[in-house]
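Chemist: I have a structure I would like to understand better, so I am pasting it below and will then ask my questions one at a time.
The values are calculated or read from the model by the stated rules, or taken from the named source; none is laboratory data. Note that this is a predicted model, so its numbers are computed, not measured. All Cβ positions, even for glycine, are placed from backbone atoms using ideal geometry, and neighbour counts span all protein chains on display. These area figures cover heavy atoms from the full protein model, side chains too; ligands, DNA and RNA do not enter into them. Shrake-Rupley method; radii C 1.70, N 1.55, O 1.52, S 1.80 Å.
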Amino acid sequence: MTAAKRARIQRALNALRVQRAVLLERLEEINENLRRFPVGSRGRRELLAARVSIREALRLNAIAIRNLRAVL
């Protein structure tokens, strides 16, 4: 593998790590906001849906990081 390809993969890994940090921060905010919304409210349902999608994004992020590390 050329140095340019390694650098490109490393940049992709760094971007995925930043993305993971942002997603984790957003997940924490959602969990804090869930405490404020009453059970059964529309806002709570929207937060729960957002939480599910962020968890899925985190799962896919972890897979991408693992795959890129395997290439290196």
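Chemist: Do you know which of the residues in the range 26-63 that are β-branched (Val, Ile, Thr) and not in a loop (DSSP other than H, G, I, E, B) is surrounded by the most Cβ atoms within 10 Å (Cβ to Cβ)? Break it down into steps so the answer makes sense when it comes.
Modeler: Taking the range 26-63 first, the residues β-branched (Val, Ile, Thr) are 30, 39, 52, 54, 63.
If we keep only those that are not in a loop (DSSP other than H, G, I, E, B) as well, we get 30, 52, 54, 63.
Numbers: Ile30: 15, Val52: 10, Ile54: 17, Ile63: 10.
Filtering first and then ranking leaves Ile54.
Chemist: Look at Ala70 and say whether it is more than 11 Å from the chain's Cα centre (by Cα) and not in a loop (DSSP other than H, G, I, E, B).
Modeler: On the way: more than 11 Å from the chain's Cα centre (by Cα): yes; not in a loop (DSSP other than H, G, I, E, B): yes.
Yes; evaluated as a whole, the condition is true for this residue.
Chemist: Out of Leu24, Leu16, report the one residue that is of a type in the set (A, V, I, L, M, F, W, C) and touching a helix residue (DSSP H, G or I) at 6+ places or on another chain (Cβ under 6 Å). Spell out how you get there, then give the answer.
Modeler: On the way: Leu24 fails: touching a helix residue (DSSP H, G or I) at 6+ places or on another chain (Cβ under 6 Å).
Only one candidate qualifies: Leu16.
Chemist: Under 6 Å between Cβ atoms, which residue pairs at least 6 apart in sequence (or on different chains) link something in the range 35-53 that is farther than 19 Å from Val22 by Cβ with a partner that is loosely packed, with under 13 Cβ neighbours inside 10 Å and among the small types (Gly, Ala, Ser)?
Modeler: Listed by first residue and then by second, the contacts come to Phe37/Gly43.
Chemist: A further question follows. Quick check: is even one residue across the range 24-47 among the hydrophobic types (A, V, I, L, M, F, W, C) and under 11 Å from the mean Cα position of the chain (by Cα)?
Modeler: To start, the set of residues in the range 24-47 that are among the hydrophobic types (A, V, I, L, M, F, W, C) comprises 24, 27, 30, 34, 37, 39, 47.
Add one more test, that the residue is under 11 Å from the mean Cα position of the chain (by Cα), and what stays is 24, 27.
The answer is yes; a qualifying residue exists.
Chemist: What pairs come up if the first residue lies in the range 2-19 and is open to solvent by 80 Å² or more (accessible area, probe 1.4 Å), the second is aliphatic (A, V, I, L, M), and their beta carbons are under 7 Å apart, counting only those six or more places apart or on different chains?
Modeler: Correct list of pairs: Arg6/Leu72.
Chemist: Something else about it: Quick one: is Leu23 open to solvent by less than 100 Å² (accessible area, probe 1.4 Å), of a type in the set (A, V, I, L, M, F, W, C) and touching a Phe, Trp or Tyr at 6+ places or on another chain (Cβ under 7 Å)? Before the answer, list the steps.
Modeler: Numbers: open to solvent by less than 100 Å² (accessible area, probe 1.4 Å): yes; of a type in the set (A, V, I, L, M, F, W, C): yes; touching a Phe, Trp or Tyr at 6+ places or on another chain (Cβ under 7 Å): no.
So Leu23 does not fit the description; no.
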